[in-house]
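Just so you know, all these numbers are worked out from the coordinates, no wet-lab data involved. All figures in this text were calculated on a predicted structure; none of them were measured in a lab. Here Cβ is always computed from backbone atoms with ideal geometry, including for glycine, and neighbour counts include all displayed protein chains.
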Ligand SMILES: Nc1ncnc2c1ncn2[C@@H]1O[C@H](COP(=O)(O)OP(=O)(O)OP(=O)(O)O)[C@@H](O)[C@H]1O
Ligand SMILES: [Mg+2]
């Protein structure tokens, strides 16, 4: 099977629903949704994604905290992360060549095509 | 006592005095009193009418004027008002008739510094009144200046606080609004690819939703922009390069509206220290405004030159006198068009957020306020005026570091 596994971590259920539909309908991705960031590490270990799409501002646990928690876990610490966030503008993302604070960023709302190209660029092997 | 007073007021600088008095007895009396050499009056002149007084004050500068209010061509308080309005820096001592103490006191409210009661003064009290009037006027002007400075500072503080609140509000709103926008956008993307109905109307509806989503997002981005203070990336940059880049960015609109562009750029142009992207954004906003004001086949003229600010310019452009000093050197960039110009009643509102006369054509009304904000963050300014003949002129003022 050639599909990539994407873990989508975002508290906005409406958003994760439509994004999952879009990603799955390309036939290229298998998507697992996590709406409660506290579940992110557990689901990463269970699902073994090629890439995590991670929202930044979430209740209970914010995006950067999730990254730190992943780091503490040897088996998943190299999983690529793309931040998906409404807190910065596309212009700011472009100015930094898509990388802010060491991680690739995609600004919400961004065209689906751009999101896909960022996924393709950053997705990695499953360890 | 006289000794002590001399410490406060300087009695030794030579004075020039204008006497405005039509009663011969009075002005002869005043003139002869002022002749005493120990009073150091270097010059005195008598005029008998208000018109002559105004003429004399325009021709020569006087240290102080003694004014009788009832002249052949002007009576009462009006005489004083006329003089203080035309010559706001001139110290004035009013010479009132006997038994007019009330009037005398009232004149202080109209801008006189002291009053004499005819035939009740001596040479010494006269000269003391003149010297004190000068000192009072000086203190009054100093106070006025301090008050102005204070009110500028106060306005700045209010503005800074307002921007802080807007900034916090804007980023909060942006986050809350962009999330649902992203949901709408991906929803539309999905439907566009999967609606099987062979009906063009569905695609039209979906396209409209997508366009509306992008527009809403642009408003949010503009709002964030407006609110983002002090994140400037300043570097020495050529204004000419900025102009070229901006023109190429709006090239499409220039062609579409069949507008011609002409340029007049000073040869000795120095670099300015600015955030290039931000200034480009300003120039693009102004170019678009100019282009949209033109019906078809008009001209946009760009002029760049070094120069000073005169006090008339400071006033007519509504600049703060505390930042922009008469005589300081700046770099000016004008963008002039021969379009519709601006209705007088709208001139004051141009830089209000969301003021637009182009709402129906997609105007948001953030172009000028955002641009003005950016210019002010560069310690420069932006103003938009009507040209003398037709159309409008937007002027950017940059500080040149000399
Ligand atoms: N060169 C000009 N000639 C005539 N009117 C002008 C000119 N520049 C600005 N205006 C007036 O000032 C208004 C506000 O301008 P501003 O750039 O802030 O907003 P806008 O152009 O309407 O919308 P946008 O947010 O898209 O820029 C305009 O709607 C227009 O009425
Ligand atoms: Mg505009």
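Structure above, values below:
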| quantity | calculated |
| --- | --- |
| Cβ-based exposure ranking for B:114, B:145, in which fewest neighbours within 10 Å come first | B:145, B:114 |
| Distant alpha-carbon pairs in chain B (separation over 37 angstrom), percent | 49 |
| C-alpha long axis of helix B:367-377 to longest principal axis of chain B, angle in ° | 60 |
| Protection proxy ranking, peptides B:378-386, B:88-96, B:199-207, average beta carbon neighbours within 10 Å, highest first | B:88-96, B:378-386, B:199-207 |
| Number of partner chain Cβ atoms within 10 Å, mean per residue of B:172-185 | 6 |
| Ranked list, fewest to most other Cβ atoms within 10 Å of each Cβ, for B:255, B:222, B:337 | B:255, B:222, B:337 |
| Nearest-ten-degree value, helix B:239-249 long axis tilted from longest Cα axis of chain B | 40 |
| Using alpha-carbon coordinates, inclination of helix B:77-86 to the longest axis of chain B, degrees | 50 |
| Cα-based shape type of the range B:150-227, given that a ≥ b ≥ c are square roots of the gyration tensor eigenvalues and the cut on a/c is 1.5 | prolate |
| Highest-fluctuation residue, B:237, B:122, B:266 considered, GNM on chain B with Cα pairs under 10 Å | B:122 |
| Equivalent-ellipsoid semi-axes of the protein assembly as shown, from the Cα gyration tensor, Å, largest first | 72, 27, 20 |
| Residue order, fewest to most beta carbons within 10 Å, for B:67, B:261 | B:261, B:67 |
